[in-house]
1. Is it fair to say residue 70 is more than 10 Å from the chain's Cα centre (by Cα), polar (S, T, N, Q) and assigned to a loop (DSSP other than H, G, I, E, B)?
2. Restricting attention to the range 55-91, which residues are surrounded by fewer than 19 Cβ atoms within 10 Å (Cβ to Cβ) and small (Gly, Ala, Ser)?
3. Restrict the check to the range 113-135 and report whether at least one residue is crowded, with 18+ Cβ neighbours inside 10 Å, modelled with pLDDT under 85, of a type outside the set (D, E, K, R) and not in a strand (DSSP E or B).
4. Take the residues in the range 92-110 that are aliphatic (A, V, I, L, M) and surrounded by fewer than 21 Cβ atoms within 10 Å (Cβ to Cβ), then tell me which one is nearest to residue 50 (Cα to Cα).
5. Looking only at residues that are in contact with a strand residue (DSSP E or B) (Cβ under 6 Å, 6 or more places away or on another chain) and either basic (Lys, Arg) or not in a loop (DSSP other than H, G, I, E, B) (or both) in the range 73-87, which one is farthest from residue 108 (Cα to Cα)?
6. Go through (1) assigned to a loop (DSSP other than H, G, I, E, B); (2) more than 16 Å from the chain's Cα centre (by Cα); (3) buried (at least 18 other Cβ atoms within 10 Å of the Cβ) for residue 52 and report which single condition fails.
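The values are calculated or read from the model by the stated rules, or taken from the named source; none is laboratory data. In this text the structure is predicted, and so the values were computed from the model without any measurement. Don't worry about glycine lacking a Cβ; one is built from the backbone with ideal geometry, like all the others, and counts go over all protein chains shown.
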Amino acid sequence: MPVLMSSCSVLHLGQEDSQVIYALPSRQPGTSPLGRNMTPLAGPFTFSRERFILTEAQAATLVKSVPQWTKDKTKLMVVGFAQRGLPPDYARVLSHRRAESVRQILIEHGLDAGNIHSLGYGNDVPSAGSDDTVVVYELK
């Protein structure tokens, strides 16, 4: 199958005969998991300040739902948030680590890793009640 080229750019390195041409393949159509309707299935799980691991009680609550989600082959989106006032980049990393830690628990308890997406919003999405939490959504 031939690769379609959609755009080219020329980089001048200071000499007339010294040019490098970069060709980028055309974008392939795809769907973002965020483009689907999402229904909260679990959470919000609240974290204290810099913490990114669920407590034992929170993990036990989460794990109770795993057998049903495994049976139904439920597709999940795990979304993390961080408190306002943190530097934006730090907040995104912290919230992503929180979402990834929840995702890892789900995988360890039998959910297919391919059915679980994780995302850390940090404090980029102003929404009441989303500080320092992780919410598990069903992708429909």
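1. Numbers: more than 10 Å from the chain's Cα centre (by Cα): yes; polar (S, T, N, Q): yes; assigned to a loop (DSSP other than H, G, I, E, B): no.
Taking the combined requirement at face value, the residue does not satisfy it.
2. 57, 59, 60, 65, 85
3. yes
4. Of the residues in the range 92-110, the ones aliphatic (A, V, I, L, M) are 93-94, 99, 102, 105-107.
Checking the rest, the ones that are also surrounded by fewer than 21 Cβ atoms within 10 Å (Cβ to Cβ) come to 93, 105, 107.
Values: 93: 11, 105: 19, 107: 23 Å.
That would be 93.
5. Residue satisfying both the conditions and the ranking: 81.
6. Just one mismatch for residue 52, condition (2).
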